[in-house]
Structure formats: C-alpha cells, structure tokens
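Accompanying notes for the structure given below.
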Amino acid sequence: MNISTIQSDWFGHVAYELQSNDFRIICVPSLGGKLVSIFDKKKRFEWLEQPVNPPHNQIPYGADFITYSMFGWDEMFPTIDICTYPIKGPYFGNQMPEHGDAWTLNWEIVQHKDNFLKMSTFGKSLPYQFEKELFFKTDDTITMHYQVTNIGTEGFYYLWSAHPLFLCKSGMKIILPQDVSELINVKQTGKWGEIGNKFNWPTTRALEGFTWQLDQVGPPTLHDFRKFYISPKKTIYWASLFYPEAGNWIRMNWDAKKLPYFGLWIDEGYYTAQSLIAFEPTTSYFDALDRAICNQKTPFLEKGERFTWDIELTIGS
C-alpha cells in the first residue's frame, strides 16, 4: 500500500490527511475530531456533505448542532438528544448537551505517522477519556478504532453513535442485510406519525397512504426528514450506500455484539440544502441517554473500565 499521513489546513484549522491509492480522509481535531472529507480518488467523488459556511473557530460547548455541524462525520457521545443524567449519584442532573460532548470538544493529537493517526479528548458532562485511532487496513478500507475510559469516581451509563452525513445524489440506494424487514419510527412527524410506528422495509406505505421506497432518498424539494431504528431484537453488522450512476459505493462494518443497534437518519432538504443520510450503528436504543436507560438498552461503564470498538469504512466501484 502507498499510505501517507500529512498535516494540512482546513479553513484555518489544523487538519490531518490520511491517503491511500484509493481514497483520502481528512480529520480536524479542533472540531470534535470531525471527519470533513471521505474522498474516492478513483471516482473523484466526495461522500460527505460539505459545509455551506465552514466554522473558523472552535464550536462552543453545548452549541446547536443544526446551526454548526450539518456536515461531515461527528462522534455522538454520551447522548444524541439533549437530556440530564437520570441516575442518583455524583452525576445526577448533569446536563447532556445536544448531540453530546464530543462533537464540540478539542481533540489533542497523541500520535501521527504514516498510516496512523491517534487523538484524544476528555468529557465534560461525564468523567471520561475518549480516544480515536485512524489507519488504513487496505487501500480501500480504513479502520476507526475507538476507546472510552471511565476516569471518574463511580460508574455511569453512556451512549455512542456514529453520525456520518453522507451526501445523497439522485438514484442512490440504501442497502441493508436481506433479513431486515421492518423499521421503527423514533421521531414524531406528520408523514411517519407517532414514535413506535413500524414500517416495512424496503417498500412501505406512509400514513398519507402512498407507497414509499425507504431504501431510496428523495430530492431536497421534499423538505422532509425521518429517523428510524431497526428493531432492538434484530442486529446487523453492515450498511451500504450505492450510487448506480457512477457505479461506486461505500460500506460501513462493525461488531454487532458491541454495537447492537442501528439508526437511519434521512434528511430531504428539511435542515440542509442537499439530501443526506446517516448510518448510525450505536451502543444504545434510542437517541436520548435517559430514554435508553429507561429502555434498559444502553451499556454501563464501571470506574476505571475501558470499552473499545471499531468501525470499518470501505469504498469500491
């Protein structure tokens, strides 16, 4: 493999580029360790949504996610939806900001060299150290290795979710394992109704009565959004996005024992000018930490304990 890691500049922020023969990843540590580019070099194709107005300063802690970060790939930790920590003890009542801590924190570079980038940050709403490593497994596959360590006086519950905002071109198709047959709505909207409503995958009937292909993303003129989860009784370990017009695809793989739940966020011009999709393998069910605790579907990290997991990202044509 012809692999390199170089320091560069991204709109005034120190950035790090990892490149192979096939694709390039750009990471900005000061913006929550955000990935701002996943670029297919052979197809000359950018997979991540790019910002309309790039932030020139570090994003304030507790900021509004929709205002600041509707682009790139963020780490959602230790919640997605805003909430307070509900368990009595030293962390009771701690405010969990929108989309968590990690996406607004400054991440320090621990080490970088050819084919390796390691960064770290420390939590504010809970006492933890969060570390992330990036390295190429092959020319077309990059591994993201994560580790969170409880550095507090007591154990705590937590939620992590991937949040890559993939740009959806017309005709793109979402591909999930063949045995996925149903999705559950977790955001109350007019088209999809109450939280808990179930819809067949991939062809379903929306509440307004028309047939809908859930494996396809509509144009931004629809001004709509939806957030579904696969049933918590069902685990998957991969999801893919295919672009027939260009003949290329991107695929995420993970360990379903460590990330047993899967969310699917789609925006068709509701918050952004372009249609977007986020594949969200996660530790928890579902978006708010307090709700996931109530559902008894989120992990607990003991004092001094570490939890590790990986995401593999592969591109092809």
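Okay, here's what the table says:
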{"read-out": "Rounded to 5, percent antiparallel among DSSP beta bridges of the chain", "value": "95"}
{"read-out": "Spin-label model distance (nm) - Glu154 vs Lys257, 7 Å beyond Cα toward Cβ", "value": "3.1"}
{"read-out": "Gaussian network model of the chain, Cα within-10 Å springs - most flexible of Lys88, Lys187, Lys227", "value": "Lys88"}
{"read-out": "Pairs from Lys118/Lys191; Lys41/Lys234; Lys173/Lys258; Lys43/Lys118; Lys34/Lys303 whose Cα-Cα separation, in the structure shown, is over 31 Å", "value": "Lys118/Lys191; Lys41/Lys234"}
{"read-out": "Computed FRET value (nearest 0.05) for Glu182 with Asp310, which takes r as the C-beta separation and R₀ as 30 Å", "value": "0.65"}
{"read-out": "Estimated [θ] at 222 nm from DSSP helical runs (n ≥ 4, -39500 (n - 2.57)) normalised by residues in the chain, nearest 500", "value": "-500 deg cm²/dmol"}
{"read-out": "Selected from Cys294, Cys27, Cys168 as most flexible by GNM, with the chain as the system and alpha-carbon contacts under 10 Å", "value": "Cys294"}
{"read-out": "Extension reserve of the Arg205-Leu222 stretch, reckoned as 0.36 nm per residue once the Cα distance is removed", "value": "4.4 nm"}
{"read-out": "Pairwise label distance in nanometres, Lys41 with Glu194, each label 7 Å out on the Cα-Cβ vector", "value": "5.3"}
{"read-out": "Listed peptides 115-121, 59-65 by packing density, highest first (mean Cβ within 10 Å)", "value": "115-121, 59-65"}
{"read-out": "Identified option (computed semi-axes √(5λ) of the Cα gyration tensor in Å; candidates (1) 27, 26, 18; (2) 31, 25, 19; (3) 44, 21, 14)", "value": "(1)"}
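Each reported figure results from applying straightforward, stated rules to the coordinates on display, with no laboratory input. Just so you know, these numbers come straight off a predicted model, no measurement behind them. Positions of Cβ are generated from backbone atoms using ideal geometry, with glycine treated the same way; all protein chains shown enter the neighbour counts.
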